[in-house]
Structure formats: C-alpha cells, structure tokens
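The values are calculated or read from the model by the stated rules, or taken from the named source; none is laboratory data. These figures come from a predicted structure and were not determined experimentally. Please note: Cβ atoms are built from the backbone with ideal geometry, for glycine as well, and neighbour counts cover all protein chains shown.
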Amino acid sequence: MSRRAVVIGGSVAGMLAAAALFRSMDEVIVLERDELPDRPSPRKRIPQARHAHILLPSGRDAIQELLPVADVHGRLLASGAREQPLTDMLGFGPQGWYRRWPTVTEDLLLTCCSRDLLDWTLRDAVLGTTPVRVRRAEALSLLGTADRVTGVRVLADGLQEDLRADLVVDASGRGSRAEHWLEALGVTDIPTDEVDSGLVYASRIFRVPYGAEGFPLTQVEADPSADRPGQSGNLVPIEGGRWLVSLAGTRGGEPGTGPEAFTEFALRLRHPLIGQLISAAEPLSDVFLSRSTRNRRREFEKAAMPEGLVVLGDAVATFNPVYGQGMSVAALGAQALARQLRQTDVTAPGFARDVQRAAAKSVSAAYTMSTSQDQWFPEVVGKAPTLADRLLSRYMGRMGRVATTSYAVSAEMCRVITLQADASRLVSSGLLMATLKGPVMEPLTGPPLTPEESAFVDSTGPLAV
C-alpha cells in the first residue's frame, strides 16, 4: 500500500522535514498557504525574515546529512553567503571584548546570509533533487482521534478536502495551531513555558562601504546583570555586498522606528562600534520592526500525543532571535526524524513519540540558553530566577570573563552555544578549573581590530566610547 506523509509549512523546518521523509515514503506533500517565490525574496507570513539570521555549524551539518547530494552549503557560498569563524568575529560580551584567534575549524564556522537566500536555496535544493511536491493549501484541522492522526483537512481553491496520511508533520511555525487542533481531538494539557522580556527587534540593510569589505560579523551583547533594559546589536555581512544590521532592546529600552533613531540607538549600545560603522554606510532599506520575540516552548514530548503526528521547528518552540538558534534547531529536529526513520517504520507504535523526544534535546538546549539570559532583564514575564539560576549565572559570568582571554575556554563555550556539545561540558573538570583559576590575560580596552579595520573606522571619525 502506498504511504504518504504530509508536511504543514514550506519554510526551513517544513522543507527539511520533507527532506528527511522522502526516502521512506512513497509520497511527500508539503502544504503551504503562500505562493512561494522563484527567487530569494521576502514572504508575507515570515516577517522575522527581514532580521539577522545565522546558520550554526550544527544546522549546517544536519542539512548536509539530510541532503548530501544537493550541497546546500556550497550553493549558499556560491550565491555570496559568508563563512565567519566564531573565534574571529568582533564580539563585545558582558565581560568585555573577546580576543580574535587565527585558529579556524569547521565546527566553529558560522554561515551568514539573508533568510530569503537560505529559504530559497533550501527549497530549490529539496524540490530539485527529491520527489517532494508542494501544494498550495491551508491546513484547517487534523483528521483522526486522540490515539492516531490519519491526515489533514485542507482548504484549496475555495474547497475543503480530507487529505489522508500515514504521518503528519506540523512545521507551520510560530503561528502553529497544533494545540487547538489537538484539543479538538481530545488531547489537552500540553506543558507550556514562556519567558518574555518584551524584546523589540529593528533591522536595516546597508551597502558595505568601500574599505570595509572584509569587516567581520560584529556583535555587541546586552548585559543581563546590569539591572537595566538589555540592548544589543548585530552587524551581519550578507550576500550582495551588504550588511544586515539588527538592533534589539528589552522592555523599557526598545529601539525606535525611524532611520535616525536606528543609528542613534546603535551608537548608545554598550559600545558604539556598530553605530560608527553604519554612520558611514548607505542605507538600502527602511527600518523593519518585530515584536514576535518571546521565548515560548510547547513540551509535546511530555504530552499524551497521538500516533501519526510530529511537531517540529518554531511550532514547538520560539526563541529570542538574538541568539540565532531557530533555523539550526529546525534542522536538528528534521535530522532526528530522519534518524528515527532509519530505525523504525513510520507506522510502528511509538514512532512519533520517539521522534518528538529526540528532537526535544536540541530544543531544550536552545531554550535553556535563551531564557537563562532573558529572565534577568527588568519587567520580564515568566518564571523568576531560582537560587540555582543565580549560582549558574555567576559561574557563567566568570567563565565568560575567562573566555575573553582564552581560546580553549572560548571555543568550548562556542561548541555548546552552537548546539554541538551538551551543556554538561561547561562543568567538565578542565573548564571548571580554568574558570576557577580566572582570566589568563588582562582585558582588552577596545575592539581587537586589524590594521585594515582600524583604518576604516578611523576614516569615519573618532570612535567615542
């Protein structure tokens, strides 16, 4: 008998889920409400696409495992995406400037490009190298019972239709109606957690000025220990000789909407470097704002979920976008689906539950990292920090200070932050001893610029601190 999988949502999580499924199913259909563009361009239902996105090495490797023939990473680089060594970026953390190290390894390379380019490249790779097909339709509800989902009711061309499936994957993003659909089947009490710092995200694209073509990814982080609204900024080199600059402020410290307010906000960050850089750059877009930034997690792996349904990507959890985890968590979730398919038949009892539990590992890691910072900002909505949170925060603050002077500590922290290593690695004997011993060098008094970078910054005027 022919077996069919239906994936709800045609963005990153949905396309990667389809890539995980096509080898094990006779038919894979992706349901997408929007007409998908045939080139890299914005989509109405993905407003966060206008903001900075980074593909972590864990996400890059998961995509390569899912689509080994398509060479998605090579396509991105050929289209102008930049590879950025984590240890050679310009990063100003709560404990000061991180040093830049010449050592470059594959597990510490970020992929920097626009979300539009990544979406289109991934979709083109999946549809061009697999039998997956996209159908323009809206998912209305799930078919089946509290024991097993058997398909999706869809609306297409003004008509409703029941689309039967052996497996349904909800990858419809932060607007997912999975909880509502499950409630209609009699499945309730899905554990949910939320931490909302009231973050507002503002982004604008600039043309890279002459003389700054090699400027690296630049990040000024908020300080969660400062007892004031957190304000941060990212300058991301993307394809087409452009900078995508995203600024963020928590409740009470939000960025403004106008062009002048955007630059002024960047100059008022804990260090003004990003503001200085964009003051000398030509703007190529308006300022785009987003308030859809809360951390929210639905713990489907702990609920009495029906067979035949898996939920992945932002439909499971959304994170403060400052941490750049969302796309990679989606890729790791699809990887968990693919690996389970190699071990168990899609119709076997417990298949969906096992996938959900496996995917929850990267979700938990990313959610913990994001909320462990956001919970400290003023007027945050969500659980209050516990004694354990306070002790961990002090330990991580000290480790962060050591990381500003130590390649070994910095690299290990990066492997955890990029979801390549379990957080337990941060309390390994070596890191514990290095953290307790303290910094091995004096802190930097300013950004560690190369001579070329310094020359460009000097040409824009004095860098006021």
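Some notes on this structure:
- For segment 436-465, taking the residues that are out of contact with any helix residue (DSSP H, G or I) (no Cβ under 7 Å at 6 or more places or on another chain) and more than 30 Å from residue 264 (Cα to Cα), the one that is surrounded by the most Cβ atoms within 10 Å (Cβ to Cβ) is identified as 440.
- Put simply, of 324, 333 the only residue that is out of contact with any helix residue (DSSP H, G or I) (no Cβ under 8 Å at 6 or more places or on another chain), surrounded by 20 or more Cβ atoms within 10 Å (Cβ to Cβ) and under 24 Å from residue 65 (Cα atoms) is 324.
- Residues of segment 421-435 satisfying the condition of being within 23 Å of the chain's Cα centre (by Cα) and buried (at least 17 other Cβ atoms within 10 Å of the Cβ): 421, 426
- In the set (1) under 30 Å from residue 77 (Cβ atoms); (2) free of Cβ contacts under 8 Å to residues at least 12 places away in the same chain, the condition left unmet by residue 126 is number (2).
- Evaluated against (1) at pLDDT 95 or above; (2) within 30 Å of residue 442 (Cα to Cα); (3) out of contact with any Lys or Arg (no Cβ under 9 Å at 6 or more places or on another chain); (4) hydrophobic (A, V, I, L, M, F, W, C), residue 101 falls short on exactly one condition, (1).
- Any hit, segment 302-323, residues being among the basic types (Lys, Arg) and outside the structural domain of residue 216 (by TED's automatic domain parsing): yes
- Residue in segment 71-85 that is under 27 Å from residue 230 (Cβ atoms), surrounded by fewer than 22 Cβ atoms within 10 Å (Cβ to Cβ) and in contact with a Cys (Cβ under 6 Å, 6 or more places away or on another chain) present: yes
- Taking segment 103-166 and the strands (runs of 3 or more DSSP E) fully enclosed by it, the elements with 2 or more residues that are buried (at least 17 other Cβ atoms within 10 Å of the Cβ) and assigned by TED's automatic domain parsing to the domain that holds residue 308 are at 138-144, 149-156.
- Filter result (more than 24 Å from the chain's Cα centre (by Cα) and among the small types (Gly, Ala, Ser)) within segment 353-403: 384, 388
- Matching residues in segment 245-271 - criterion: being in a loop (DSSP other than H, G, I, E, B) and either over 28 Å from residue 375 (Cβ atoms) or of a type in the set (S, T, N, Q) (or both): 250, 257, 258
- Scope segment 177-190; condition in a loop (DSSP other than H, G, I, E, B) and either out of contact with any helix residue (DSSP H, G or I) (no Cβ under 9 Å at 6 or more places or on another chain) or modelled with pLDDT of 95 or more (or both); matching residues: 177, 186, 187, 189, 190
- Test: residue 393 is in a helix (DSSP H, G or I) and modelled with pLDDT under 90: yes
- Screening residue 116 against (1) of a type in the set (Asp, Glu); (2) under 18 Å from the mean Cα position of the chain (by Cα); (3) farther than 28 Å from residue 177 by Cβ leaves a single unmet condition, (3).
- Top-ranked residue in segment 288-303 [being closer than 28 Å to residue 227 by Cβ and modelled with pLDDT under 95; ranked as surrounded by the most Cβ atoms within 10 Å (Cβ to Cβ)]: 295
- If the condition is being assigned to a helix (DSSP H, G or I) and out of contact with any strand residue (DSSP E or B) (no Cβ under 8 Å at 6 or more places or on another chain), then segment 332-352 contributes 332, 333, 334, 335, 336, 338, 339, 340, 341, 342, 343.
- Any chance residue 18 is within 20 Å of the chain's Cα centre (by Cα) and either surrounded by 20 or more Cβ atoms within 10 Å (Cβ to Cβ) or modelled with pLDDT of 95 or more (or both): yes
- The residues of segment 201-244 that are closer than 23 Å to residue 451 by Cα and not in a strand (DSSP E or B), listed by number, are 208, 209, 210, 211, 212, 213, 214, 215, 216, 217, 241.
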